[in-house]
Amino acid sequence: MPAITTRALIIGSGFSGLGMAIALKKQGVDFLILEKAEEIGGTWRDNTYPGCACDIPSHMYSFSFEPKADWTHMWSFQPEIFDYLKGVADKHDLRRSIRFGAHVERAQWYEDEARWHVFDATGQEYIAQFLVSGAGGLHIPLIPEIPGVDDFGGTAFHSAQWDHSVDIRGKRVAVIGTGASAIQIVPAIIDDVAELQLYQRTPAWVMPRPNNAFPQWMRTVFVTVPGVRALLRAGIYWIHEGVGFAMTRQPRLLKIGELMGKWNINRSIKDPELRRKLTPHYRAGCKRILNSDTYYRAIANPKTTVITERIDRITPGGVLTADGVEHPVDVLVWATGFHVTDSYTYVDITGVGGEDLVDRWNAEGMAAHRGITVAGMPNLFFLLGPNTALGHNSVVFMIESQIRYAAQAIAAVDAAGAAALAPSRRAQDEFNAELQRDLAGTVFSTGGCQSWYMDAHGANRTLWSGMTWQYWLATRTFKPSEYVFTPQPEMARS
Ligand code: NAP
């Protein structure tokens, strides 16, 4: 197989990959998207579980340059978001620049050529000057290492790999986990199942949220009256930034949210013991705040049992808890989240001097300059990389900031007549030292919970430390002084 050569390779075709491709197209940079699956869409292609929806309002959770005025719901469901992304890909004629079924496994920087050599699972080689990872952090399903996981005799699957061939009607279904995915699944399946066992390790703060379809007249207004949709988007943005302010600067303000969360429990759950089980004992926001008007109602349904005993093992017939009770189960749903702080292990990246990025990040924790570029890894860009996920607002806003920054960096390489750039270790370390100082005062650190925001070293390598407009400011203008430029190989030789 001859190697395929292009100027920029983009891994993934979710919001990040598609957005990057559109920016490069505008800039006249040739690119190829490598997509492991047979369709675009990333997380919104993979997650098809019942009830799957976005928990950030759609008018904000969409590209600023591709507004959709006629979203059917404030918080849209997965099929509509997936359709939106397919529409964006088609409008910008991106499919012809996507190689489907290309699961990237390895990328190596060849210093003498100043090029990335990238290999997919079939052994196909790609050569490019620039490499952009649009894989994000929520793409490797996590199934906990509970003894007996492989012994289960019924059907088991992860929330991000929902098996639609399984008929759950009349079945005893166990949902393990009570995070963002589980709280959408539980209300969506409760009417169908015979029995629902919900295994909860830590209760979530769940805020009330009605999500009725927009009435037709309102959709017509968004479509026809200039400025209304943009005004709504701005309103959504600043309300969420208010929550971000509380999370990152004044965590005690989050007590107000806790009152709302408790009210949400009390209005649906009458049993005091169940109320106690569902009430969190950490500051709201320490783990992701969830929203639902239907979750507690589904829990109040007599078909649901909330089980808080630790899971001892999975048996061929069900789930054995630490109190010695074996709960018979037909279908087991792992709503247990993703490998986040080690999500980068999906690809082996080797940079200058043969340094292995996975080894570096395993030892030091993942860190990048402004969450995007990495010292010693020339012309490599991460979208939704280290410390750029959010607990309070739309990650699409972060992605757009990063795309703009990466596009500026590529333009800076060209403008300098250079072959490559990478941040200086000093610039990267200074940026991350300040970031970690800021994170120390946030609810993610002080809120008294254990969350997947923290890595194996106990550091938050996942979330941005402030509000999203601050990230926008931090990435608005690319600063060449923070970078080391590599000259063109032939100039280096002369
Ligand atoms: P998650 O938030 O990480 O939740 C995983 C759940 O599984 C937690 O309740 C966790 O308990 C539990 N768990 C993990 N290991 C366990 C074990 N060994 N035994 C018992 N319980 C265990 O995962 P997720 O719900 O898939 O959500 C992940 C992220 O995806 C979200 O935070 C969000 O960013 C994104 N998401 C977004 C939306 C949306 O609407 N936009 C929807 C779904 C997901 P502990 O809390 O005790 O760890």
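Each reported figure results from applying straightforward, stated rules to the coordinates on display, with no laboratory input. Because the structure is a prediction, the values reported are computed rather than measured. Note that each Cβ is placed from the backbone with ideal geometry, even for glycine, and that neighbours are counted across all protein chains shown.
Would you mind checking which residues have amide H under 5 Å from residue 293's amide H? H placed 1.01 Å from N; only 5 or more apart, or other chain.
Answer set, sorted by chain and number: 209.
Once you list every other residue whose beta carbon is under 9 Å from the beta carbon of residue 391, what net charge do they have if Lys and Arg are +1 and Asp and Glu are -1?
That sum, taken over residues with Cβ under 9 Å, equals +2.
Relative to the present Cα-Cα distance, how much length would full extension add between residue 440 and residue 30 at 0.36 nm per residue of separation?
143.4 nm
Using 1/(1 + (r/R0)^6) with R0 = 30 angstrom and r between the beta carbons of residue 217 and residue 245, what's the FRET efficiency to the nearest 0.05?
E between residue 217 and residue 245, to the nearest 0.05, is 0.35.
Please sort by residue number the trypsin sites (Lys or Arg not before Pro) in the range 166-195 whose DSSP state is loop and whose Cβ has at most 15 other Cβ atoms within 10 Å. Walk me through the numbers before you get to the answer.
Details: sites: 169, 171, 172; in loops: 169, 171.
Answer by residue number: 169.
Normalising by the residue count of the chain, find the relative contact order in percent from Cα pairs under 8 Å and 6+ residues apart.
Normalised by residue count, the contact order of the chain is 19 percent.
Quick one: helix 395-415 against the long Cα principal axis of the chain, what's the angle to the nearest 10°, folded into 0 to 90?
Compared with the principal axis, the helix lies near 10 degrees.
Could you go through the range 250-256 in sequence order and give the Karplus-derived ³J(HN,Hα) for each residue, using 6.51 cos²θ - 1.76 cosθ + 1.60 with θ = phi - 60°, rounded to whole Hz, and x for Gly and Pro?
Each residue of the range 250-256 in turn: 9, x, 5, 5, 6, 4, 4 Hz.
Whole angstrom only: what separates the Cα centroid of the range 310-350 from the Cα centroid of the range 375-405?
29
Quick one: 3J(HN,Hα) in Hz for the range 205-211, Karplus 6.51/-1.76/1.60 with θ = phi - 60°, rounded, Gly and Pro as x.
Values, residue by residue: 7, 10, 8, x, 7, x, 10 Hz.
Give me, ordered by chain and number, the residues 5 or more places off residue 307 or on other chains with an amide H under 5 Å from its own placed amide H.
198, 199, 200
Where both residues lie in the chain, what percent of DSSP beta bridges are antiparallel, nearest 5?
Around 40 percent antiparallel, to the nearest 5.
With a sphere of radius 14 Å drawn around the Cβ of residue 259, what net charge do the other residues whose Cβ falls strictly inside it have (Lys, Arg +1; Asp, Glu -1)? Walk me through the numbers on the way to the answer.
Details: positive: 252, 255, 262, 267, 283; negative: 258.
Around residue 259, the surrounding residues sum to +4.
Under the rule of at least 5 residues apart or a separate chain, name every residue whose amide H is placed under 5 Å from the amide H of residue 369.
Those lying under 5 Å, H to H, from residue 369 are 374, 375.
If neighbour count is taken as other Cβ atoms inside 10 Å, put 326, 490 in order from fewest to most.
So the residues, fewest neighbours to most, are 490, 326.
Compute the length gained on full extension between residue 359 and residue 275: take 0.36 nm times their separation in residues and subtract their Cα-Cα distance, giving the result in nm to one decimal.
Roughly 25.7 nm would be gained on extension.
Given +1 on the Cβ of Lys and Arg, -1 on the Cβ of Asp and Glu, and no further charges, what dipole in debye does the range 270-380 carry about its Cα centre, rounded to the nearest 20?
Working: 13 positive and 14 negative charges, 161 e Å.
Computed about the Cα centre, the dipole is about 780 debye.
Mind jotting down the distance between the C-alpha centroids of the range 240-258 and the range 116-148, whole Å?
Rounded to whole Å, the Cα centres lie 35 Å apart.
Taking the radius of gyration and the Kirkwood hydrodynamic radius from Cα positions alone, what is the Rg/Rh ratio for the chain, to two decimal places?
0.97
Okay, helix-only estimate at 222 nm for the chain: each DSSP H run of n ≥ 4 adds -39500 (n - 2.57), divide by all residues, round to 500 deg cm²/dmol; what do you get?
Calculated from helices alone, the mean residue ellipticity at 222 nm is -9500 deg cm²/dmol.
Among all cysteines in the chain, which have no other cysteine Cβ under 4.7 Å from their own Cβ?
Flagged as lacking a Cys partner: 52, 54.
Quick one: 3J(HN,Hα) in Hz for the range 464-469, Karplus 6.51/-1.76/1.60 with θ = phi - 60°, rounded, Gly and Pro as x.
Once rounded to whole Hz, the list reads 5, 8, x, 8, 6, 5.
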